[in-house]
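Single-structure report; data block below.
FYI, it's all coordinate maths here, none of it is from the lab. Bear in mind the structure is a predicted one, so any value in this text is a computation, not a measurement. Glycine gets a Cβ as well: all are built from the backbone with ideal geometry, and neighbour counts include every protein chain shown.
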Amino acid sequence: MKKLKKLNAIFLAMALLLSMLSVPGGNAQAAGKVKVKKITAVDSLTGSKTIYLAKGKKATLKTTVSVTPDKAANKKVTYKSSNTKIATVNNRGVITGKSTGTAKVTVTSKLNSGKKANVTVKVIKGKVTSIKLNETSGTLTVGDSTKLTATVKTGKGGKKNVVWITSDKKIATVKNGLVKAVGVGTATITVKAADGTGKKATYKVTVKEKSTTTENSSTTETTTEKPTTEVPTENPTTETTEVTLENTEGKNAQDVAILKKIIQEQISKGAEIPMDLNDSTDYSWNENGRLTGIFWTGADAINLQGSLSFEGLTALTELWCTDNKLISLDVSNNTSLTVLGCCNNQLTNLDVSNNTSLTYLDCHSNQLNSLEVSNNTSLTYLDCERNQLNSLDVSNNTSLTVLWCGDNKLTSLNVSNNTSLTVLYCTDNQLTNLDVGKNTSLTELVCDNNKLTSLDVSNNTVLFRLCCTGNNITSLDVNNNTALTVLYCDETVTVTGWPKQAASDQ
């Protein structure tokens, strides 16, 4: 009897072990119980989805996971960099800049790999060397304000982005250097470099209560308050009607004139655009003085709005205008463009038919209903996630190596001509079929939350990451996928050929 009980216990343990191994990553426990609604990730310092990081410096992501039930165990995520030679990220969301260039960091839910967030990391050569304020301390009365000016010095190629922070919002607030006194007490205003260097300067403000109103004090207040009320309303008018660009010498006069007009129009809408044309983090010029690069991202608090056209800037090869409030973008005249980043705007249409030299297009998180890329045969990277696309034709994009098209309304996706494809993310669509038989270079395939009934990955022998939860798949054969180390699928899926080794998610 004792031997029988012992055998029963062994069989029960083995059965439990096999059920755990059938779905690596623990997705099975989430089915029908845990619902991951949304993941957001931003720079914890700047609050932006675009991070400018000095080489060798670090930035930490602030990740928010909306999930039901709202428990810490359900909020676990993984972090991955698209290019570890440019930027790495650890399991706590700390990003380290390795070499100059651009990389994408993806944050993925451990319970539902279809739910994720992306941030763009631009590692720059130079760094902030010092920050000084025009004042170090001052006294204000509740309701008054003062404007602080920060002088930021950088090495060659450095970015002058700063963040303003108050130690107590109940005493004083700060925005772009404008300090407003709101309550009695003492607060410290800090301006800090956003490139990870930690350089900063501080201003100590003492806020006093308004004195009791008397006839004399009323007279005094009347004479002192009128100028402070009128001056702020006059200054914006002066700034928006007079734009003076710095370091125009040696630059193409026509390019400078066009750029000045664009800046003028955007400033009139409330944008804050850098005026120093020698700042290599905002502009790049070739040896002939032609403007080849513009880098206006929301990480710089530039706040581009409305419609924006770059007509006439025919030498432009790289354009970044991410994290703004643009509703339309005209690049039809910029036929030399090779890189276009316009994600996180409010674009409903994007015409890149004339941009036949494009190799990199990032237009995710807009409101695009359609995207035509048939003429862009040089494309190697396309990210059009989180739009409202009903269809996507990439049959002409035979050089494509990375395709992100998740969170749209796609009912079909033909990637048979994209034989160079190494990364394919097509989660949260309405796909009923996905043929990846000709994509033999695929290393990552993430197709969660579609309507797939089957998935054949027998030809994808170099695949190391496969996520297919939230579909109608009943069986999955991974016998040929000898490089596979990460597999996520529903507990109802019968998997053959797994596990070949201990699963991990790196």
Once label points are set 7 Å from the Cα along Cα→Cβ at both ILE327 and LYS175, what is their separation, rounded to one decimal in nm? 2.1
The FRET efficiency for ALA73 and SER391, from their Cβ-Cβ distance with R0 = 56 Å and rounded to 0.05, is 0.90
Give the average over all directions of the projected area of the C-alpha convex hull of the stretch 23-124, one decimal, in nm². 6.3
Quote the FRET efficiency, to the nearest 0.05, computed for THR202 versus SER475 with a Förster distance R0 of 45 Å and r equal to the Cβ-Cβ distance. 0.10
Net charge contributed by nearby residues that have their C-beta within less than 12 Å of SER81 (K/R +1, D/E -1): +4
Working out 0.36 nm times the residue gap between LYS269 and GLU246, then minus their Cα-Cα distance, what length gain in nm do you get to one decimal? 6.2 nm
Degrees, to the nearest 10: 253-267 long Cα axis against longest axis of the chain: 90
Per residue of the chain, what 222 nm ellipticity follows from adding -39500 (n - 2.57) for every DSSP H run with n ≥ 4, rounded to the nearest 500? -4000 deg cm²/dmol
Can you list residues whose amide H is under 5 Å from LEU326's amide H, if they're 5+ apart or on another chain and H is modeled 1.01 Å from N? GLN346
Matching label for the computed Cα Rg over 2.2 N^0.38 Å, out of (i) 1.16; (ii) 0.94; (iii) 0.98, is (i)
Between ALA483 and THR64, 0.36 nm times their residue separation minus their Cα-Cα distance comes to what? 147.7 nm
Given Cβ charges of +1 for Lys and Arg and -1 for Asp and Glu, the option among VAL352, CYS363, LEU484 whose Cα lies farthest towards the positive end of the dipole of the chain is LEU484
Percent antiparallel among DSSP beta bridges with both residues in the chain, to the nearest 5? 55
Cβ-based charge dipole, the chain, positive-most Cα from SER458, ALA271, ILE165: SER458
Can you run phi through the Karplus equation (6.51, -1.76, 1.60; θ = phi - 60°) for the stretch 442-455 and list ³J(HN,Hα) in whole Hz, with x for Gly and Pro? 4, 10, 9, 9, 10, 10, 4, 6, 10, 10, 5, 9, 8, 8
Neighbouring Cβ atoms within 10 Å as the yardstick, rank GLU265, GLU246, GLU272 fewest first. GLU246, GLU272, GLU265
5 Å is the cut-off here: which amide hydrogens, built 1.01 Å from N in the peptide plane, fall below it relative to SER137, excluding neighbours closer than 5 in sequence? LYS204
Going down the table (LYS58/LYS80; LYS75/LYS325; LYS76/LYS175; LYS159/LYS251; LYS204/LYS269), which pairs top 26 Å between alpha carbons? LYS75/LYS325; LYS76/LYS175; LYS204/LYS269
So in the stretch 23-124, what percent of DSSP beta bridges are antiparallel if you round to the nearest 5? 85
Given contacts defined as C-alpha pairs under 8 Å and at least six residues apart, what's the relative contact order of the stretch 406-484, whole-number percent? 26
Which whole-angstrom value gives the distance between the alpha carbon centres of the stretch 98-128 and the stretch 300-354? 21
Please compute the modelled spin-label separation between GLU287 and GLN254, points set 7 Å along Cα→Cβ, answer in nm with one decimal. 2.1
How far apart, in nm, are the 7 Å Cα→Cβ label points at GLN430 and THR492? 2.0
